[in-house]
């Protein structure tokens, strides 16, 4: 493995793929962006430009550097163009047959010390059945949107060379990300497991009639939602007093939802003509998305100020 990452290939130009390309190109890395069609690649580059312009308006990127960042991105529809990259990140749709074929081909065409990573939530070991050099395959799970959320969950398979884990984390830090190493493979990694534990309980409360969706969301946004951005769940429990929290958990945990599958009432709503649980009108979702993006930019400015 090279000491520095000079060329990165990103396979897939969707919402995660083009975001990863933007992150690394903006940090000075040459990026080969592989997509299925010229039209989709043109749209991806357009979105990257718009995002960099937004970063410039937020004073988180120099407007004068936008053209240089875009010039580092080489769009292509040919997977074999990834051959010269020191690192490849797969970011295609959740089609396992497609992922397996991509990793098989990458194993054949890339340099022997190139790192092959997947941005999906699948463990790395699920992607290596047709890979001969399994020691270089790793999971690097970016959170959406990659441009705005710093976390990347990094997890090697049992066969992954430990040096690949260290090198991947170093290159992610070079690009301004915050890698967290997961010690062993687990479905969904850490973030999704916690996110879906919260969602399971929230859906259960709504489905049981305990509270409206609006009330449940309001509770989270005005309490733990504010607190967890400063202290994580384990830190929060320590601050609250571990003995107290442990004893309350003994009382409360037996009452929490442990269902293996989500409530069927949620599935029925998802299949209905109005596939929302929260009673917001559909036209309000764009405003809500914009508000969330504004808040994510605020966090980035806060992160920048603290460093």
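Between the C-alpha center of segment 165-209 and that of segment 125-146 there is a gap of 16 Å. Note on segment 96-124 and segment 1-57: Cα centroid distance 18 Å, given to the nearest whole angstrom.
With a cut-off of 11 Å on the backbone N, the residues of segment 117-133 near the modelled label site 7 Å out from residue 104 along Cα-Cβ are 129-131.
A protection proxy built from the mean count of other Cβ atoms within 10 Å ranks the segments 155-161, 92-98, most packed first, as 155-161, 92-98.
Estimated from the Cβ-Cβ distance and a Förster radius of 30 angstrom, the FRET efficiency linking residue 6 and residue 305 is about 0.45.
Peptides 164-172, 202-210 ordered by packing proxy, namely the average of other Cβ atoms within 10 Å per residue, highest first: 164-172, 202-210.
For the chain, the relative contact order works out to 13 percent when only alpha carbon pairs closer than 8 Å and six or more residues apart are counted. Counted over the chain, the DSSP beta bridges are approximately 15% antiparallel. Per residue of the chain, the DSSP helices (runs of n ≥ 4 H) give a summed -39500 (n - 2.57) that works out to -14500 deg cm²/dmol at 222 nm. Where is the GNM fluctuation largest for the chain (alpha-carbon springs, 10 angstrom cutoff): 191, 19, 240? It is 240.
Placing a pseudo-label 7 Å from each Cα along the Cα-to-Cβ vector at residue 174 and residue 213 gives an inter-label distance of 4.5 nm.
Taking only C-alpha pairs under 8 Å that are 6+ residues apart, what is the relative contact order of segment 130-249 in percent? Value for segment 130-249: 16 percent. Classify segment 1-97 as rounded, prolate or oblate from the Cα gyration tensor: take a ≥ b ≥ c as the square roots of its eigenvalues, call it rounded if a/c is under 1.5, otherwise prolate when a/b beats b/c and oblate if not. Note, shape of segment 1-97 comes out oblate. Note on residue 74 and residue 96: the model spin-label points, each 7 Å out from Cα along the C-beta direction, lie 3.4 nm apart.
Each peptide in 115-123, 214-222 gets a packing score, the mean of other Cβ atoms within 10 Å over its residues, and the list from highest to lowest is 115-123, 214-222. Assuming a ≥ b ≥ c are the square roots of the Cα gyration tensor eigenvalues, decide whether the chain counts as rounded (a/c under 1.5), prolate (otherwise, with a/b larger than b/c) or oblate. In terms of gyration-tensor shape, prolate.
Remark on segment 7-181: ratio of C-alpha radius of gyration to 2.2 N^0.38 Å is 0.96.
Where a number appears in this text, it was derived from the coordinates with a stated rule and is not lab data. What you see is a predicted model; the values in this text were computed from it and never measured. Because the Cβ atoms are built from the backbone with ideal geometry, glycine has one as well, and the counts that use them run over all protein chains shown.
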